[in-house]
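A.B. asks: Starting off with a structure, shown below.
Throughout, read-outs are computed from the coordinates displayed, never taken from laboratory work. In this text the structure is predicted, and so the values were computed from the model without any measurement. Virtual Cβ from ideal backbone geometry, glycine too; neighbours counted across all protein chains shown.
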Amino acid sequence: MPTLYRMVAIILLVVAVSNPRAHKPISSKFTYGEDVYPIFLEHCASCHSQNGVGPMSLLTYEDAYPWAQSIKEEIISLSMPPWSAEDGFGVFKHRSSLTAHELNVLVDWSNGGTPEGPELNSVESVSTGSTWNLGEPSLVLEIPENFSMDPTTSEAIHYFVLNGGRQAERWVTAVDVRPGNPSIVRSVQVYVDTTDRARTLDAGDEALGFVMDELEPSFPIEQIIGIWVAGQSAIQTELGLAYYLPADSDLVARIHYKKTWLDEGLTVEDRTAVGMHFSDALDLTPIKSLAVGISGAADTTSKMFVNYDQIIDESIELLSLIPEIDSSPLFVQLEAILPTGKRTPIVRLAQPRAAWRTRHWLKKPMLLPAGTRLHVSAIYPTIFAAENMSSLGFNMDVVPKTQSNLARNHQVLAAR
């Protein structure tokens with residue numbers, strides 16, 4: 001009999017170990033079916049679904065509950081969802097952070113035994129980029145041929161001159177992206193090149209596309225007319241506004257690829273397409289770029305703190321901004337100090353990550369009069385990190401209030 005008891009004990013132990021929830025009592029009032037699934041569907045599904053860029057799907061209980069502890073750690077550290085703009089400091093169209101209630105639901109569910117609750121009748125299908133978010137584009141451009149990542153490559157950034165030849169003069173109201181392989185395409189940025197430099201770099205590289213130093217680009221990035229990040233949808237410009245695309249220019253796509261553990265050790269391919277939306281209106285106002293930033297912490301004031309100001313010489317309307325932060329600050333804040341001395345918050349980023357660079361569209365355009373100081377401040381985790389930062393700034397979409405609505409008036413502005 002002792003032998004029999006010992007065998008039963010071993011079997012029970014094996015069952016308990018194979019089911020990590022066996023020793024965790026159910027104490028949470030929140031269940032997957034009633035409370036957790038709706039949050040995952042709204043905030044996570046565009047990446048964490050079958051064939052999405054996330055390493056696992058969260059749209060079934062069986063897929064989600066083994067990751068409960070990791071999910072809790074990611075949301076508490078503000079790593080996920082990948083939206084670092086803090087609530088209450090600027091208002092944006094693309095807001096995707098969790099509310100305090102949603103955060104509480106997920107943490108309580110994770111700590112409280114991950115109860116399943118009522119079984120879902122069906123799982124909603126989620127598009128991972130196979131369709132156009134804004135409808136059929138005016139023009140579809142692709143990278144010239146399939147791009148291949150070999151088994152030893154886990155992450156890569158490549159630049160491609162999009163096919164279709166040099167472009168005619170156009171007004172661009174939106175840029176949509178359809179990733180060829182949604183499981184590896186993290187982000188896509190679309191630049192205008194009027195210098196032929198990107199085409200020369202592409203021809204000089206035996207492989208498809210070309211690579212370059214991100215801090216010292218080999219061709220002048222005149223304007224980012226489109227930026228797409230996995231999990232976000234394209235947004236059209238405000239009525240009457242558009243990006244100007246000069247005649248005989250090239251469109252260049254910067255694509256950030258990253259494999260999940262499901263693709264490690266495999267050869268994977270992608271042929272991403274970019275959908276251009278044009279307007280035939282004749283009275284459009286061009287959106288210009290305003291670069292705000294420093295390279296290197298020349299303006300470090302003390303220890304782990306970095307502060308600097310730039311002054312706007314002409315009145316503008318601020319439409320959107322893209323953080324250009326290739327370092328690891330704990331937080332970055334941008335505010336406008338008006339000529340009257342009033343401080344106006346623009347954005348505060350908590351632990352921004354370069355890999356999730358995105359365009360933050362303001363809910364409403366912000367008028368900044370001439371003489372406004374754009375004040376950037378950041379805190380780094382160590383003195384070494386602050387002194388060795390690579391770049392800290394923003395690429396802004398603005399409309400100068402004094403400009404005439406001429407197609408040729410598209411130069412990049414420079415703050416001082």
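A.B. asks: For segment 317-408, rounded, prolate or oblate, judged on the Cα gyration tensor with a ≥ b ≥ c (square roots of eigenvalues), a/c < 1.5 rounded, else prolate if a/b > b/c?
C.D. replies: prolate
A.B. asks: How much length would be gained if the chain were fully extended between Thr131 and Asn111, taking 0.36 nm per residue of separation minus their Cα-Cα distance, in nm to one decimal?
C.D. replies: That works out to 3.5 nm of additional length.
A.B. asks: Right, next: Apply the Karplus parameterisation 6.51 cos²θ - 1.76 cosθ + 1.60, with θ equal to phi minus 60°, to every residue of segment 106-114 and state each ³J(HN,Hα) to the nearest whole Hz, in sequence, with x for glycine and proline.
C.D. replies: With the stated coefficients, segment 106-114 comes to 5, 5, 4, 5, 5, 6, x, x, 6 Hz.
A.B. asks: If I model a spin label at Phe384 and Thr99 as a point 7 Å from the Cα along the Cα→Cβ vector, what separation in nanometres do I get?
C.D. replies: According to this spin-label approximation, the distance is 4.3 nm.
A.B. asks: Among Asp263, Asp248, which comes first, then next, by fewest other beta-carbon atoms within 10 Å?
C.D. replies: Asp248, Asp263
A.B. asks: At 7 Å along the Cα-to-beta-carbon direction for both Ala355 and Leu139, put a label point, then send me their distance in nm to one decimal.
C.D. replies: 3.4
A.B. asks: In nm, what is the difference between 0.36 nm times the number of residues separating Glu206 and Leu239 and their Cα-Cα distance?
C.D. replies: Extra length from Glu206 to Leu239 when fully extended: 7.6 nm.
A.B. asks: Return Glu269, Glu238, Glu206 ranked ascending by Cβ neighbour count within 10 Å, so the fewest neighbours appear first.
C.D. replies: Ascending number of Cβ neighbours within 10 Å: Glu206, Glu269, Glu238.
A.B. asks: Out of all DSSP beta bridges with both ends in segment 139-285, state the antiparallel percent to the nearest 5.
C.D. replies: Values: 38 of 39 bridges.
Antiparallel bridges make up about 95 percent of those DSSP assigns within segment 139-285.
A.B. asks: Let me ask something else about it. Excluding Arg343 itself, what net charge comes from residues whose Cβ is under 13 Å from its Cβ, given Lys and Arg +1 and Asp and Glu -1?
C.D. replies: +1
A.B. asks: Let me ask you something else. Sort out for me the Cα centre separation of segment 165-232 from segment 322-357, rounded to whole Å.
C.D. replies: Centre-to-centre (Cα) distance: 25 Å.
A.B. asks: Continuing with the same structure: Go through segment 49-58 residue by residue and turn each phi into a ³J(HN,Hα) via Karplus (6.51, -1.76, 1.60, θ = phi - 60°); whole Hz please, and just put x for glycine and proline.
C.D. replies: 9, 4, 6, x, 6, x, x, 8, 8, 10
A.B. asks: Given a Förster distance of 41 Å, report the FRET efficiency between Arg271 and Glu119 from their Cβ-Cβ distance, rounded to the nearest 0.05.
C.D. replies: Once the sixth-power term is evaluated, E becomes 0.60.
A.B. asks: In addition: Just the number, please: percent antiparallel of the DSSP beta bridges in segment 239-369, rounded to the nearest 5.
C.D. replies: Antiparallel: roughly 90 percent of the beta bridges in segment 239-369.
A.B. asks: List the lysines whose Cα lies under 30 Å from the Cα of Lys93, skipping any in the same chain that are fewer than 8 positions away.
C.D. replies: Once the sequence-local lysines are set aside, what remains near Lys93 is Lys72, Lys258, Lys259, Lys288, Lys342, Lys363, Lys364, Lys401.
A.B. asks: Output needed: percent of Cα pairs per 10 Å distance bin for segment 157-262, bins running from 0 to the one holding the longest distance.
C.D. replies: Going from the shortest bin to the longest, the percentages are 14, 44, 34, 7, 1.
A.B. asks: Given H placed 1.01 Å from N in the peptide plane, which residues other than close sequence neighbours of Glu116 have an amide H under 5 Å from its amide H?
C.D. replies: Close amide H contacts, sequence-distant or interchain: Tyr32.
A.B. asks: Can you put Val192, Val376, Val211 in order, fewest other beta carbons within 10 Å first? It would help to have the intermediate numbers written out before the result.
C.D. replies: Values: Val192 25, Val376 21, Val211 13.
By the 10 Å Cβ count, ascending, the order reads Val211, Val376, Val192.
A.B. asks: For segment 307-322, take each phi angle, set θ = phi - 60°, evaluate the Karplus expression 6.51 cos²θ - 1.76 cosθ + 1.60, and give the result in whole Hz per residue in order, putting x for glycine and proline.
C.D. replies: 9, 7, 10, 9, 9, 8, 7, 9, 5, 9, 10, 8, 9, 7, 8, 10
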